[in-house]
Structure formats: C-alpha cells, structure tokens
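Read the structure below first, then the notes.
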Amino acid sequence: MFRRYPRADVAIETGAVSGFFAIDVDNKNGKNGNAALEALQHHHRGHLPHTAIVETQNGSHWYYRYPGRHVLSTTSKLGDGIDVRGDGAYVIAPPSRGRRWITSFYAIAPAPSWLIDLVCEQRRSASHRSSFGAVPRELPPAEVLAMMTESAGRGLSDDPNDVLAAENTDLKIWCALRVIPADVNYDDWTKIGFAIYAALGDSGFGHFDEWSRDAPNKYPGDRAIQDKWRECAKVKSIREDTVYWFADQYDRSWRDAYRVMLAQEFGA
C-alpha cells in the first residue's frame, strides 16, 4: 500500500482495540493547550508521568495505557485545547508528516488515577467496543465526528484520483544506483542489469550504461554492454526489487533521497 501511496500517513485507532488512549494538546485557533495542561495538573495536585510523547504540528500527543474502562473521546472538556482520543477515535502517528517522537520514554506509561477518573466513562466495560468486533457501534457524538474528520484526505485512499504522488520507478532506480558501486563482481553486475530491465524495459538501458561507466576499469565497452542488455531482456526470474536490495546493503539513505525528490517532483 505504501509503495502505491508513498505520501500516506499512519493512523492508529485509540482505545481498547490498541491498548492506549491519548491526551491531545493543541495550540491553535487561539487555544493554549500547553497552559491548560499545566493548569489541569496544578488543579488536581498531580502530574502526568513520563510516557511516549509525540510532537504534532500544533502541540503534542501524550500516550497512556488503556485503563480497562471505556475512555470517552472529548474536545476541550479537560481544558481549552486539551482533547482526549479514546474509544472510537484515532491519532496520526510517527513517522507521518508533522509527527515525531520528542521523548526517550518510548514505553507507554499507566495513567494516574486522577486522570483515569476524568477521562473514563463510569461502570462500562470496553471489552466489546473494538471497531473490529461483531457488535456494531452507534454513531459517535458530533464533537467526536469532528475530531475524527479533521485530518480527512491526508491518509490512505483506494481511489486513484486521490493519489498525491504516484510511484516513479525510473527515479527510484536512478536513486538506488547512486549508492551501488559499479565496480561489483560480474555476477552482481549482471543481476543488477536484469533487475533494471525488469523495472523499466528497453528504456532502462541508459541507466545501466551510465552506471556501468562509473567503473571504467571494468566497463565492457559499448558493443559488449549492448550485447549484455539484450541478454537482460531474456531473463524473467530477477525482478526490480533486486536493485533496491543491493542499494540497501550499501546505504539505505537512498530511500530518503528518493522520497524527497519524489515530493519535489509533485510540488509537495
């Protein structure tokens, strides 16, 4: 799916199904979620324990273990700019755009009892509330629907018209070849040639020829490399992933370069 939609983001459903809920702190539209969070902790004479924390485009997400009771998804109920992503909601998670870990405490910590009392619906079991279960869910409240749709259009879609940046095999092959030394042994050289042809057909000869010339002491010459290219067309057992595998053995950063160049190509 991510080869088809390279700019898709990652969403995680919160609540019983995933085993955690999140405190969503927002600093936008005149809200100061950071100040509200400080005030909330001061009011309850407690503090939020160190846990997995994600920096977002407008604030942060604080992940806490699911307490075994239904967690309500609310908007600004705990304070202006503090939302709760509980059962039936979701978070956009790293490594999505605009999301990164900002704490070394990657283990998700238990929530303090005062916070559990604030976010949990009393005396209701959440064991049947997974969205993947057989029991149908009721339509969420309007505030939860708004929360769930605020990132609409930024995730995965099966509609080809929604693709923001399709795969560019020609560019991907070019990036991969940049980190593979041409001075490899003969068997690997031929395998890479077979893989380039599998990916691009006849139009891939320019990449094969250019890359091979980077090792002048082993370059077979114009006639010989054209003969080898004709052999490449006959091999069906080696696919394009072979090029990417070789590139990964030398320097996986080529994938980052490819993503950056692809985004620039599509004006992202």
Based on what the data block shows, is Gly33 farther than 19 Å from Asp117 by Cβ and surrounded by fewer than 15 Cβ atoms within 10 Å (Cβ to Cβ)?
-> no
What about Glu38, is it surrounded by 15 or more Cβ atoms within 10 Å (Cβ to Cβ), acidic (Asp, Glu) and at pLDDT 90 or above?
-> no
For the range 216-245, which residues satisfy the criterion of being surrounded by fewer than 17 Cβ atoms within 10 Å (Cβ to Cβ) and within 37 Å of the chain's Cα centre (by Cα)?
-> Ala233, Val235, Lys236, Ser237, Arg239, Asp241, Trp245
Matching residues in the range 109-129 - criterion: being touching a strand residue (DSSP E or B) at 6+ places or on another chain (Cβ under 8 Å), within 15 Å of Arg85 (Cα to Cα) and either exposed (fewer than 15 other Cβ atoms within 10 Å of the Cβ) or modelled with pLDDT of 90 or more (or both) | Ala111, Leu115, Leu118, Val119, Cys120, Glu121
Return yes or no: is Thr103 on the phi < 0 side of the Ramachandran plot, surrounded by fewer than 20 Cβ atoms within 10 Å (Cβ to Cβ) and either part of a loop (DSSP other than H, G, I, E, B) or small (Gly, Ala, Ser) (or both)?
-> yes
For Gly46, are the conditions met, namely being within 25 Å of Ala107 (Cβ to Cβ), at pLDDT below 90 and either out of contact with any strand residue (DSSP E or B) (no Cβ under 7 Å at 6 or more places or on another chain) or part of a strand (DSSP E or B) (or both)?
-> yes
Of these, Glu240, Glu265, Glu210, which one is closer than 25 Å to Arg7 by Cβ, among the acidic types (Asp, Glu) and at pLDDT 85 or above?
-> Glu240
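Does Ala257 satisfy the condition of being in a helix (DSSP H, G or I) and modelled with pLDDT of 90 or more? First the steps, then the outcome.
On the way: in a helix (DSSP H, G or I): yes; modelled with pLDDT of 90 or more: no.
No.
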Mind checking whether some residue in the range 238-254 is touching a Phe, Trp or Tyr at 6+ places or on another chain (Cβ under 6 Å) and in contact (Cβ under 8 Å) with a residue 40 or more places away in the chain?
-> yes
Taking the range 175-205 on its own, how many of its residues are exposed (fewer than 13 other Cβ atoms within 10 Å of the Cβ) and either of a type in the set (Val, Ile, Thr) or in a helix (DSSP H, G or I) (or both)?
-> 5
Kindly check whether there is at least one residue in the range 144-155 that is within 11 Å of Phe21 (Cα to Cα), under 28 Å from the mean Cα position of the chain (by Cα) and either modelled with pLDDT of 60 or more or not basic (Lys, Arg) (or both).
-> no
Some residue of the range 227-250 being acidic (Asp, Glu), part of a helix (DSSP H, G or I) and farther than 20 Å from Asn168 by Cα = yes
Mind checking whether some residue in the range 1-14 is among the acidic types (Asp, Glu), free of Cβ contacts under 8 Å to residues at least 24 places away in the same chain and outside any strand (DSSP E or B)?
-> no
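Please work out if Val91 is assigned to a strand (DSSP E or B) and of a type in the set (Val, Ile, Thr).
It is true that Val91 is assigned to a strand (DSSP E or B) and of a type in the set (Val, Ile, Thr).
The values are calculated or read from the model by the stated rules, or taken from the named source; none is laboratory data. Quick caveat, the model's predicted, so the values are computed rather than measured. Glycine gets a Cβ as well: all are built from the backbone with ideal geometry, and neighbour counts include every protein chain shown.
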